[in-house]
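See below for the structure under consideration.
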Amino acid sequence: MMKKLIIGALIVVMMLMAGCQGSKSTANSNEPTTIRIMAAASLTEVFNDLKAEFEKKYDDIKLEINYAGSQALYSQITSGVTSDIFASANIKYMNQLDEADMVANPTIFARNKLVIVVSKQTQAEINGIKDLLQDGISLVIADKSVPVGRYTVQMLNKQNDNPQLPSNYKEKFFASVVSKELDVKSVLAKVELGEADAGVVYKTDANASDKDKVKVVNIKDQYNVIATYPISPIKGIDSEHQEAAAKFLDYLYSQEGGEILEGHGFIKVSRD
């Protein structure tokens, strides 16, 4: 009799455990799909807004966004860090992933341009690019390994055609550089903190800066450069993540997504 009772109790316990496991499985099946986006640091504010609005529309998808310099994200992707989408601040790193057959159908979704941010702690009067050559001016830019750093060098090369500047402007500019940062946010932070008199950042980052700490000086379009932002799903992700990634890209190129981009100062690009 005792043996039958023990066996019966064991059966009840096993049934209860099976029921719990079944309930857990059902709950898991209803959990949202999480896709990981590797996004350039200059996309921080706009992608945070895109994430918030996208997740309102698609409650079955969650976005996990990793922000860093495009060169750092490229290294992470090539070293095997799990990701579903890559959004870069220039074509170079996307092309390298494309050549390695690691991305699927890259497209351009936005453009940007450079501006000068000036610390309000500086004693110098800086109202134009020529004012950066004043004695004692300290400048901070991004390293050339970073997209915004490469764009800065390209912009300085174009200044050779600016009749208002000396022929050795680029050399004098670099002589005043006290720091080269690994992402655009670090450039902006040093100027906001007064650790440098001025720096070169994207227009969109200047838009998001603390206006009590910096002022923005524009660079004439004819001597400026346009930054190009490509995006692509990563190859090899499963069908569930492919579908979720496709929904995010559709949203990014939608009218609503374009308005969010433009609201942050980006130039939106239509999908081909």
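A simple charge model with +1 on the Cβ of Lys and Arg, -1 on the Cβ of Asp and Glu and nothing else charged puts the dipole of the chain at about 320 debye relative to its Cα centre. Between the beta carbons of V153 and E256, assuming R0 = 45 Å, the FRET efficiency works out to 0.80 to the nearest 0.05. Between D161 and V178, the simple label model (points 7 Å from Cα in the Cβ direction) yields a spacing of 3.4 nm. Computed with a 1.4 Å probe over protein heavy atoms only, the accessible surface of the chain comes to 51 Å² per residue.
Full-extension gain between K130 and N95, please, as 0.36 nm times their residue separation minus the C-alpha to C-alpha distance. Mind showing how you got there, number by number?
Details: separation 35, 0.36 × 35 = 12.60 nm, distance 3.49 nm.
The K130-N95 span can extend by a further 9.1 nm.
Other residues lying with their Cβ under 11 Å from the Cβ of H264 contribute a combined charge of -3, Lys and Arg counting +1, Asp and Glu -1. Measuring r between the beta carbons of E171 and I108 and using R0 = 41 Å, the FRET efficiency lands at 0.75. Rg then Dmax, both in Å and based on the Cα atoms of the chain: 25.0, 105. Neighbours of Q121, meaning other residues whose beta-carbon lies under 15 angstrom from its beta-carbon, give a summed charge of -1 when Lys and Arg score +1 and Asp and Glu score -1. Shape analysis of segment 197-272 yields a ratio of the Cα radius of gyration to the Kirkwood radius, Rg/Rh, of 1.09. In summary, segment 64-113 shows an alpha-carbon radius of gyration equal to 1.09 times the 2.2 N^0.38 Å reference for compact globular proteins. Under the criterion of Cα pairs below 8 Å and six or more residues apart, the relative contact order for the chain equals 28 percent.
The values are calculated or read from the model by the stated rules, or taken from the named source; none is laboratory data. Note that this is a predicted model, so its numbers are computed, not measured. Every residue, glycine as well, gets a Cβ built from its backbone with ideal geometry; the counts of neighbours run over all protein chains shown. Accessible surface is based on the protein model in full, side chains and every heavy atom, while ligands, DNA and RNA are left aside. Shrake-Rupley method; radii C 1.70, N 1.55, O 1.52, S 1.80 Å.
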